[in-house]
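The values are calculated or read from the model by the stated rules, or taken from the named source; none is laboratory data. Predicted model, so just to flag it, every value in this text is computed and none were measured. In this analysis, Cβ positions are derived from the backbone assuming ideal geometry, glycine residues included, and neighbour counts consider all displayed protein chains.
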Amino acid sequence: MSKILIIEDEASIRRVLTRILTEENENYKVDEAEDGLIGLEKIQAEDYDLVICDIKMPKMDGEEVLIEVKKIKPEISMIMISGHGDLETAVNTMRLGAFDYISKPPDLNRLLNTVRNALDNKHLVVENKILKKKVSKNYEIIGESKVLGQIKEMIEKVAPTDARVLITGANGTGKELVAHQLHEKSERAAFPLIEVNCAAIPSELIESELFGHVKGAFTSAVKDRAGKFEAANKGTIFLDEIGDMSLSAQAKVLRALQENVISRVGADKDVKIDVRVIAATNKDLKREIEEGRFREDLYHRLAVILIKVPALNDRREDIPLLIEHFSEKIAVEYGTSAKYFQPEAIALLQEYDWTGNIRELRNVVERLIILGGKEISKEDVQLFASK
């Protein structure tokens with residue numbers, strides 16, 4: 001049964017919509033709310049599949065209701081009802097995440113078709129969310145060390161919130177795994193996680209990449225183009241290696257965090273966004289601030305929650321589990337059986353200085369699987385994994 005909530009201050013319109021929907025499909029259970037505040041209370045208390053909401057209402061208008069719903073239960077489809085003079089506002093609600101809008105008085109066929117499509121969309125979003133949880137093993141954090149346990153516990157606490165997170169740690173430690181876990185365990189998991197490697201984008205292109213541009217903004221801008229922030233709307237943007245971002249781009253990111261708006265390069269109009277920001281860096285940002293290469297105000301905006309990912313040398317007790325994980329994963333990639341690592345081989349690998357962290361360990365395990373014997377011995381490690 002599909003549960004539908006109608007938020008409308010005019011009782012006559014509520015009654016008409018309820019009658020149309022319940023007569024159309026006996027599997028529609030319809031509730032009513034006479035204003036936005038009551039509607040939000042019902043949404044928090046019940047699991048609705050669809051909300052039909054008037055744009056113009058006392059106490060709390062439809063646009064405000066939409067924004068709040070997308071924060072607390074983003075999987076709910078919302079249809080906005082607009083009067084003749086509210087069309088511009090109705091179109092704007094689509095950018096904020098509304099499924100569609102219907103003009104008053106509602107056309108019967110359009111209403112029913114839109115409701116069916118919105119409910120189908122909601123089911124697709126939920127299925128996608130379930131599917132993402134199934135494939136999340138690609139971003140599983142392997143290890144049982146105390147320090148890793150603390151990180152996993154922090155992820156469980158922080159992920160359901162919209163708090164911004166700054167992840168620090170050396171290259172190859174798995175900062176991106178933490179970012180993916182934060183997103184997949186969040187209420188935004190049904191929406192995109194957009195990754196941006198700030199170190200890989202030339203400084204003169206970073207602003208266009210992040211915020212988009214309009215046609216003619218610069219020589220190669222032959223058409224309008226949305227940026228990564230717009231692509232991540234309602235989801236998460238992961239700014240990897242943010243310490244390499246230019247100061248001018250930092251200023252625009254700061255504005256996006258402060259005001260929830262961005263402006264495309266060369267544009268006059270602002271674009272509203274609803275994006276959670278997760279950032280990562282291998283640099284000491286406090287030192288970068290002292291040397292004038294990073295904005296202190298941006299640092300404090302990003303580092304609401306600070307997660308430091310340890311070097312592999314600081315969690316050597318996790319190496320046996322990591323070796324087993326990589327051996328099984330590589331076997332699947334090669335279509336072979338996983339190779340057994342003898343205890344002496346694992347013990348020797350635990351003594352190595354892993355300057356390249358987990359990424360280096362993975363490469364060494366792959367090399368040993370290719371070049372070693374049927375079982376990986378201490379001698380194989382000495383031959384093929386030497387520094």
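State yes or no: is residue 136 in contact with a helix residue (DSSP H, G or I) (Cβ under 6 Å, 6 or more places away or on another chain) and modelled with pLDDT under 85? Against the criterion (in contact with a helix residue (DSSP H, G or I) (Cβ under 6 Å, 6 or more places away or on another chain) and modelled with pLDDT under 85), residue 136 qualifies. Listed conditions (1) touching a strand residue (DSSP E or B) at 6+ places or on another chain (Cβ under 9 Å); (2) within 29 Å of residue 212 (Cα to Cα); (3) of a type outside the set (Ser, Thr, Tyr) are all met by residue 269, apart from (1). Note on the range 21-38: residues that are touching a helix residue (DSSP H, G or I) at 6+ places or on another chain (Cβ under 9 Å) and at pLDDT below 90 total 2.
Of the residues examined, residue 103 is not one that is buried (at least 20 other Cβ atoms within 10 Å of the Cβ) and of a type in the set (Ser, Thr, Tyr). Here 298, 302, 247 are screened, and the one residue that is outside the structural domain of residue 346 (by TED's automatic domain parsing) and in contact (Cβ under 8 Å) with a residue 60 or more places away in the chain is 302.
Of all residues in the range 153-160, none are touching a helix residue (DSSP H, G or I) at 6+ places or on another chain (Cβ under 6 Å), part of a helix (DSSP H, G or I), at pLDDT 90 or above and assigned by TED's automatic domain parsing to the domain that holds residue 27. For residue 244, the criteria (1) buried (at least 17 other Cβ atoms within 10 Å of the Cβ); (2) modelled with pLDDT under 85 hold in every case but one, which is (2).
Annotation: residue 298 fulfils all but one of (1) within 30 Å of residue 71 (Cβ to Cβ); (2) out of contact with any strand residue (DSSP E or B) (no Cβ under 8 Å at 6 or more places or on another chain); (3) not in a helix (DSSP H, G or I); the unmet one is (3).
Counting only helices (runs of 4 or more DSSP H) that sit completely within the range 1-101, those holding 1 or more residues that are within 30 Å of residue 236 (Cβ to Cβ), touching a strand residue (DSSP E or B) at 6+ places or on another chain (Cβ under 7 Å) and not β-branched (Val, Ile, Thr) correspond to 36-45, 62-72, 87-96.
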